[in-house]
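The values are calculated or read from the model by the stated rules, or taken from the named source; none is laboratory data. None of the values given here were measured: they were computed from a predicted structure. We place every Cβ from the backbone using ideal geometry, glycine too, and count neighbours over all the protein chains shown.
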Amino acid sequence: MKTIALLILALTPLVSTARTVKVIVDYPVGWTSVFDSSELSKAQTVAKAMGIVETGGIPKKGASGEMKTIWQWLPATWDRISSRYNKEVFGLKGPLSLNTATEESVVIWKCEKFLEKGYTPHEIGRIWNTSLGGAERPFIRRGVNKHGICYDSWAHGEKVAKVFRSL
């Protein structure tokens with residue numbers, strides 16, 4: 001992943017402010033999205049499965065305040081997770097600008113981290129649905145959120161695992 005990330009950095013301009021550096025990335029030449037490839041690593045396959053479950057692989061605005069993204073990021077969660085990615089991969093401070101290429105890179109990186117910890121695709125789906133950017137544990141939670149949207153982390157994990165097995 002670092003090789004791809006460094007290649008992306010080399011191909012993209014940087015926007016600096018006094019305190020943060022944001023990497024602006026659009027799909028560089030030679031980039032292949034997980035949605036356009038059949039030869040994927042396990043982390044890429046989990047990421048693809050989650051993207052299919054979340055939005056069918058098409059950026060959509062969520063009903064609970066999620067931005068128009070494939071993996072349904074809340075703004076604060078994107079800032080938190082992309083800042084960690086930016087620091088670990090590029091050694092830079094601050095969140096990444098959000099676009100499809102940066103979103104996908106961060107999701108794959110995060111899936112790699114979860115797989116390294118021994119989590120299954122089902123558990124990763126549950127983490128994504130309940131505690132991403134927080135405790136990051138595969139909780140089982142069901143209910144209705146403050147926006148009136150029903151959630152069921154077990155069912156979400158099941159969907160991710162089922163799509164993962166089909167890819």
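Yes/no matrix, rows are residues, columns are (1) surrounded by fewer than 13 Cβ atoms within 10 Å (Cβ to Cβ); (2) out of contact with any Cys (no Cβ under 6 Å at 6 or more places or on another chain); (3) in contact (Cβ under 8 Å) with a residue 40 or more places away in the chain:
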residue: Asn99; (1), (2), (3): no, yes, yes
residue: Cys111; (1), (2), (3): no, yes, yes
residue: Leu115; (1), (2), (3): no, yes, yes
residue: Arg137; (1), (2), (3): yes, yes, no
residue: Arg141; (1), (2), (3): no, yes, no
residue: Ile149; (1), (2), (3): yes, yes, yes
residue: Gly157; (1), (2), (3): no, yes, no
residue: Val160; (1), (2), (3): no, yes, yes
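Do we find that Glu103 is without any contact (Cβ under 8 Å) to a residue 60 or more places away in the chain and within 18 Å of the chain's Cα centre (by Cα) in this structure? Yes.
Please go through the range 70-80 and pick out each residue that is under 17 Å from Arg126 (Cα atoms) and either touching a residue at least 60 places away in the same chain (Cβ under 8 Å) or surrounded by fewer than 21 Cβ atoms within 10 Å (Cβ to Cβ) (or both). Selection gives Leu74, Thr77.
For the range 151-166, the criterion of being touching a Ser or Thr at 6+ places or on another chain (Cβ under 6 Å) and modelled with pLDDT under 95 is satisfied by no residue at all.
Rundown of residues vs (1) within 21 Å of Glu66 (Cα to Cα); (2) of a type in the set (A, V, I, L, M, F, W, C); (3) outside any strand (DSSP E or B), yes/no style:
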| residue | (1), (2), (3) |
| --- | --- |
| Gly118 | no, no, yes |
| Trp128 | yes, yes, yes |
| Gly148 | yes, no, yes |
| Lys159 | yes, no, yes |
| Val163 | no, yes, yes |
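Note on the range 81-106: among residues that are in contact with a helix residue (DSSP H, G or I) (Cβ under 9 Å, 6 or more places away or on another chain), among the charged types (D, E, K, R) and not in a loop (DSSP other than H, G, I, E, B), the one that is farthest from Trp71 (Cα to Cα) is Glu88. Of all the listed residues (Met67, Met50), the sole one being touching a Phe, Trp or Tyr at 6+ places or on another chain (Cβ under 7 Å) and surrounded by fewer than 18 Cβ atoms within 10 Å (Cβ to Cβ) is Met67.
One residue stands out among those in the range 34-89 that are aromatic (Phe, Trp, Tyr) and modelled with pLDDT of 95 or more: the one that is nearest to Arg165 (Cα to Cα), which is Trp71.
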